[in-house]
Amino acid sequence: MNNHQKIWIWALVLALVVLGVMLRVRVSADLPLDADESIAGLMARNIAYEGEVPLFLYGESYVGSAMQFVVAGMFRLFGFHPQFIRWPEYLWSGLFLLLGFLIARRTDSTESGL
């Protein structure tokens, strides 16, 4: 495979990823928050505006609160919006996919990463 073909494959993969993210954000914007997301949002609000520093997710003694701190930062920067509760999940999922690709490419080949 020559470099020109590789560039087109990367462009296609990137376009599909961007399209998938846009579709996911659009679809999830119309869905109401479920109970788990609501608890996480309440926790992020308390971190952002009440100054709480919890170690675990409310009602759970084994789930950390790192993502709620990210959401709390978004609340402080941009104001409260329920969709901000979902955005860090998209970010972490995208980073997980990228990391999986990089590991597969490093251990085997670019084709196995794709």
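The values are calculated or read from the model by the stated rules, or taken from the named source; none is laboratory data. Quantities reported herein were computed from a predicted structural model and do not represent experimental measurements. Using ideal geometry, Cβ is built from the backbone for each residue, glycine included, and neighbour counts are taken over all protein chains shown.
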query: Does GLY73 count as assigned by TED's automatic domain parsing to the domain that holds MET43, of a type outside the set (A, V, I, L, M) and on the phi > 0 side of the Ramachandran plot?
result: no
- line: When restricted to VAL53, VAL25, VAL21, the only residue β-branched (Val, Ile, Thr) and more than 20 Å from the chain's Cα centre (by Cα) is VAL53
query: What number goes with the only condition from (1) within 24 Å of VAL27 (Cα to Cα); (2) surrounded by 15 or more Cβ atoms within 10 Å (Cβ to Cβ) that SER65 does not pass?
result: (1)
message: Residue under question is ASN46, and the condition is that it be loosely packed, with under 10 Cβ neighbours inside 10 Å and not charged (D, E, K, R); does it hold?
response: no
message: So, VAL21, is that one surrounded by 13 or more Cβ atoms within 10 Å (Cβ to Cβ), modelled with pLDDT of 85 or more, among the β-branched types (Val, Ile, Thr) and in contact with a helix residue (DSSP H, G or I) (Cβ under 9 Å, 6 or more places away or on another chain) or not?
response: no
Candidates VAL53, VAL71 - the one that is under 21 Å from VAL25 (Cβ atoms) and either touching a helix residue (DSSP H, G or I) at 6+ places or on another chain (Cβ under 9 Å) or without any contact (Cβ under 8 Å) to a residue 60 or more places away in the chain (or both): VAL71
message: Test of understanding: among ARG24, ARG45, which residue is assigned by TED's automatic domain parsing to the domain that holds MET67, on the phi < 0 side of the Ramachandran plot and among the charged types (D, E, K, R)?
response: ARG45
query: Restricting attention to region 33-50, and to residues there that are of a type outside the set (Gly, Ala, Ser) and touching a helix residue (DSSP H, G or I) at 6+ places or on another chain (Cβ under 6 Å), which single residue is modelled with the lowest pLDDT?
result: LEU33
